[in-house]
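Below is one structure, written out as structure tokens; comments come after it.
What follows draws every value from the coordinates through simple rules; no lab data is involved. Given the structure is predicted, the values throughout are model-derived calculations rather than measurements.
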Amino acid sequence: MKTACLLVPSPAHVYPGHPEEPGRLALLEGLPGKSQADSITWLETAPASKEEIARVHTRQMIDGLEAACRQGPDIIDYAPTYVTRSSFQDALTAAGGTVACTQAVLQGQTRNAFAIVRPPGHHAEPDRAMGFCLFNNVAIAARLALENGIQRLLVVDFDAHHGNGTQAAFRDEERVAYLSTHQEYIYPGSGRMEEAPHARGRIVNLPLPARSGDAAFATIASQVIAPLAAKFRPEMIFVSAGFDSHWDDPLTALGLSPAGYHALAESLVQLAGQYCRDRVVFVLEGGYRPANVASGVGACLGALTGADFSPTDGPSPYPEPDIRARVDALRKWHGF
């Protein structure tokens, strides 16, 4: 069975000088015709309906964002998050693409999927757009899964920034576990280890020191993600795949390489095989150097399809910090 994939570049959603721009996906434009085509089913996308968006976002937020886009281009928060006159439709299409990938997996048409979409979504909270994100693509698709028979699902977020919007969407939803790895002390300032004490063992935040890379994430995969999955036993996994955790991202300072992304993605695919009948959906979030987005997408597609993967660039040249004490503290806090 093939991997479903979908590309939504949103070329009109662009603001002068802003890092979240269409060029992020420029090196992916020919991807549907490349060597993995035999392993991938390329899906068509349609905009999500306002009713689908309202699974997560308030009507006031949806209407307010639509009005702001009609008045665009403009900056709508301090991140800065921007909108143009096309952005409302672009955000609907990004969410719709994520929904299409999710439906393909839920209906058994494909074993797994990757929604390569922009604008990204994991900072968008139920009542506001923020952090370059308009609608929360992962949260909207996860709600669809819950409404279609999935009893427990896990969201893993390896973007360099904390996914405050996804956490807010599922803070009190006992059917959803959320795990975020993110660089400490950067935007949006949330994601402390003890941030959701009412949901120990379900909402898991691991802030990381700068330059945490392949070795750190191998430890996280075995010592944090695997125990969380064993405890929660999800029936489906969603992955907020942010490639700003690459060691060469211009906005952040973590340390993953393409080989590290591939190893992490393989571990998540294996967990999906163990607990979820292979059902896992990756969704693009950040990543602000086009070559890193392309190599990261290639690494994750290699894991999803089972194809051979050869990294295009090497590991981080920076020494990694030792995160073992931090992981031990997290395991104690959550009872892993």
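Structure notes:
- For the range 151-185 and the range 123-142, distance of Cα centres in Å: 12
- Amide H partners (placed H, <5 Å) of Ala160, local residues excluded: Asp244, Ser245
- Derived scalar couplings between HN and Hα for the range 145-161 equal 4, 5, 6, 10, x, 6, 8, 8, 9, 10, 10, 10, 10, 10, 4, 5, 10 Hz in order, rounded to whole Hz, by the Karplus curve 6.51 cos²θ - 1.76 cosθ + 1.60 (θ = phi - 60°), x for Gly and Pro.
- Additional length obtainable on full extension of the chain from His198 to Gln274, 0.36 nm per residue less Cα span: 24.6 nm
- Rg over Rh for the range 167-287 works out to 0.94, both radii taken from alpha-carbon positions and Rh defined as the Kirkwood radius.
- Close amide H contacts of Thr81 (hydrogens built in the peptide plane, cut-off under 5 Å, sequence separation of 5 or more or a different chain): Ile76, Gly131, Phe132.
- Approximate shape of the chain as ellipsoid semi-axes (Cα gyration tensor, √5λ), whole Å, largest first: 26, 22, 21
- GNM top mover of His13, His182, His246 - the chain, alpha-carbon springs below 10 Å: His13
- Across the range 113-195, the volume of the C-alpha convex hull divided among the residues equals 99 Å³ per residue.
- Stretching Ala210 away from Glu66 to a fully extended chain increases their span by 48.1 nm, per 0.36 nm per residue minus the current alpha-carbon distance.
- Phi angles of the range 232-245 translate, via the Karplus equation with coefficients 6.51, -1.76, 1.60 and θ = phi - 60°, into HN-Hα couplings of 8, 6, x, 9, 7, 10, 10, 10, 7, 9, x, 9, 7, 7 Hz per residue; Gly and Pro are given as x.
- Karplus-derived 3J(HN,Hα), 6.51/-1.76/1.60, for each residue of the range 66-72, Hz, glycine and proline x: 4, 5, 4, 5, 4, 8, x
- Database remark: amide H of Leu208 closer than 5 angstrom to the amide H of His182, Gln183, Glu184 (H placed geometrically; neighbours at sequence offset of 5 or more, or on other chains; Pro and chain starts carry no H).
- Secondary structure note: in the chain, about 10% of the DSSP beta bridges are antiparallel.
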